[in-house]
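Single-structure report; data block below.
Each reported figure results from applying straightforward, stated rules to the coordinates on display, with no laboratory input. Here the structure is a predicted model, which is why all the values come from computation and not from measurement. Using ideal geometry, Cβ is built from the backbone for each residue, glycine included, and neighbour counts are taken over all protein chains shown.
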Amino acid sequence: MRRKLQILVLLPLLTGGCMTHKLWTENTLDNWNEPATPANLRVFNAEARKDFLVVYDEHSERHSSIHTRAYFLNENLGRLAEKRAPHFVSAGLAANFAALPFGHEFMPGGSNTPAGPFVVISVTNTDSFTLFFKNGESGEYQLPIYSDGIGNYERVALTPMTVAVDATIVGGVAGCLWLYCEAPGWGGVGR
């Protein structure tokens with residue numbers, strides 16, 4: 001009877017959880033890319049494309065570095081909404097487009113209406129900006145914040161090891177149950 005109690009006490013220790021499941025559902029291996037502080041945001045009118053070129057500085061959490069990034073805003077709205085990296089282009093493309101002015105207290109239709117068709121309002125201490133159109137319409141846009149995706153490669157590399165750990169745990173639990181229920185001399189039914 002004493003051995004049965006010992007085995008019953010050990011069973012919870014052997015069933016600590018599914019390592020493979022934790023590997024793929026927890027984001028401990030993920031690192032994020034996000035706008036640097038300050039982001040040095042610049043927006044350009046890519047009129048021929050009916051789009052805007054957004055240029056900003058990005059901080060890489062994995063590499064602790066800052067890089068200048070550029071992407072076309074309208075082309076990437078879906079990817080940004082899904083927290084995926086936009087399709088980046090060369091920041092050098094900015095030389096081909098007119099820079100939009102920045103304003104901080106712009107009121108559409110007010111006395112401070114800009115001469116151009118657009119004005120960008122930079123929102124301090126956030127990762128977003130507002131684009132105002134002369135017709136009074138506006139839109140708020142988030143700068144990209146996305147996982148660098150390298151964590152998935154690490155997960156693939158670690159999966160065989162976690163599957164082996166899971167199999168060992170399952171085998172240990174099955175063995176303990178067998179010893180408890182069936183093994184001769186362990187209080188089981190035996191043969």
Quiz item: Packing-wise, with mean Cβ within 10 Å as the measure, how do 75-81, 132-138, 51-57 rank, highest first?
Solution: 51-57, 75-81, 132-138
Quiz item: By how many nm would the segment from LEU93 to THR130 lengthen if fully extended, with 0.36 nm per residue of separation less the alpha-carbon distance?
Solution: 11.1 nm
Exercise. Would you calculate the separation in nanometres between label points at ARG84 and THR68, each defined as 7 Å from the Cα along the Cα-to-beta-carbon direction?
Key: 2.8 nm
